[in-house]
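What follows is a set of notes on a single structure, which appears directly below.
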Amino acid sequence: MVQTSNKFLKVTGILMIIGGAIGIILGIIAVLGVGVMILALGEEANLGLLTWSAVLALVSAVVSLIAGILGVSSASKPEKSTRCIVFGILTAALAVIASILNVAGGNSFNVLNLLIGLVLPVLYLIGAFQNKKLAG
């Protein structure tokens, strides 16, 4: 039997790779920016939430990149879909945590931002579950 590739998982994986790569660049800039602010304002500056947000953005981008790579590499290997599901759930959870930090930072809760942050991880998860079905 010839194994076909799950195109849905592959496409969402490629999008996660692109988003993760861009996010890593922006996350590094954010972490460096917070570091410069701490140096400029001194230790008395209360930048704890901002620091954690920048680090979370960087970690989230790395997780997205890894999820994307796993999605592309596992698209033709249904038996490896469980790790895609784990990273998809982790990516979605990080989007929810980012939304919570946004509210904790004093912003109002924005359903649209949360939904936008969850669209790609949910689509990725759909592809991963489709791939798991192929495994039997």
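Note on the chain: helix-only mean residue ellipticity at 222 nm, from DSSP H runs of 4+ residues weighted -39500 (n - 2.57) and normalised by residue number, equals -29500 deg cm²/dmol. The string of couplings for the stretch 64-71 from the Karplus curve (6.51, -1.76, 1.60, θ = phi - 60°) is 4, 4, 4, 4, x, 4, 5, x Hz, one whole number per residue in order, with x for Gly and Pro. 3J(HN,Hα) along the stretch 104-113: 4, x, x, 7, 6, 5, 10, 4, 4, 4 Hz, from the Karplus curve 6.51 cos²θ - 1.76 cosθ + 1.60 with θ = phi - 60°, whole Hz, x for Gly and Pro.
Rolling a 1.4 Å probe over the protein heavy atoms of the chain, with every protein chain left in place, gives an accessible area that is 75 percent carbon and sulfur. Rounded to the nearest whole Hz, the Karplus-based 3J(HN,Hα) values (6.51 cos²θ - 1.76 cosθ + 1.60, θ = phi - 60°) of the stretch 86-102 follow the sequence 4, 6, x, 5, 4, 5, 5, 5, 5, 5, 5, 4, 4, 5, 5, 5, 4, with x at glycine and proline. Shown is the FRET efficiency for residue 129 and residue 38, computed with R0 = 41 Å from the Cβ-Cβ distance and rounded to the nearest 0.05: 0.45. Each Lys and Arg contributes +1 and each Asp and Glu -1, all at the Cβ; summed about the Cα centre of the chain, the dipole is approximately 800 debye.
Protein heavy-atom accessible surface, 1.4 Å probe, per residue over the chain: 59 Å².
The values are calculated or read from the model by the stated rules, or taken from the named source; none is laboratory data. Just so you know, these numbers come straight off a predicted model, no measurement behind them. Cβ sites come from the backbone with ideal geometry, for glycine too, and all protein chains shown count toward neighbours. Remember, those area values only see protein heavy atoms, side chains included, never the ligands or the DNA or RNA. Shrake-Rupley method; radii C 1.70, N 1.55, O 1.52, S 1.80 Å.
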